[in-house]
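Enquirer: Pasting in a structure now, in C-alpha cells, and then I'll have a few things to ask.
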Amino acid sequence: MERIGHVQVSAGVPVIGSANVKGSIMSNWHVYLIRCHDGSLYTGIATNVARRFAEHQEKGCRGSKYLRGRRPLTLVLEKRLGSRSLALRVENKIKKLSKARKENLIKVPESIEDLVRLASE
C-alpha cells in the first residue's frame, strides 16, 4: 500500500477509511468490488484484500467460482470497515444495489458511507 497525498492506495485503488487500527486482524475487515472482463461487478469481503484478489486471479480453487472465466479482473473499490459483522452487512447492501448504483459507488467512493450508516443501524 502506498500513500498519495493524504490518500492510501492499494493496487492503484483508493482505500477509503484506511487509518491504522490497533487490534487483532478480526477487526480489520474490508469490503471490495472487482470489475470482470465482461463488465460485471463482484462484491466480497476479506481481511487482506490484496491476498484475496490474488486468489481470485489465480486459476486454483481458492477464488470465487463466479470469477472463473471472467478474467482479467480489476479491483475497483476497497473500503475498510472494521468488524466482520459490519463488512457482511455492507456487502449484502451493495449486492442488492442496481449496477448503476454500484457504478456510482466506484465513481464517488465516499458515497459508500451512506451504506455503512444504514448497515450500522
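Enquirer: Please find the FRET efficiency linking Arg71 to Glu103, where r is the Cβ-Cβ separation and R0 is fixed at 30 Å, and quote it to the nearest 0.05.
Expert: Values: r = 20 Å, r/R0 = 0.68.
It comes out at approximately 0.90.
Enquirer: Going by how many other Cβ atoms sit within 10 Å of their own, how do Val31, Val116, Val108 line up, fewest first?
Expert: Working: Val31 28, Val116 19, Val108 9.
Fewest to most other Cβ atoms nearby, the residues stand as Val108, Val116, Val31.
Enquirer: While we're on this one: Given 37 °C and 0.692 mPa s, compute D for region 24-65 with the Stokes-Einstein relation, Rh being the Kirkwood radius over Cα pairs; round to the nearest whole µm²/s.
Expert: Details: Rh = 11.1 Å.
The diffusion coefficient I find is 295 µm²/s.
Computed from the coordinates by the stated procedures, all read-outs in this text should not be read as laboratory data. All figures in this text were calculated on a predicted structure; none of them were measured in a lab. Backbone-built Cβ (ideal geometry, glycine too); neighbour counts: all protein chains shown.
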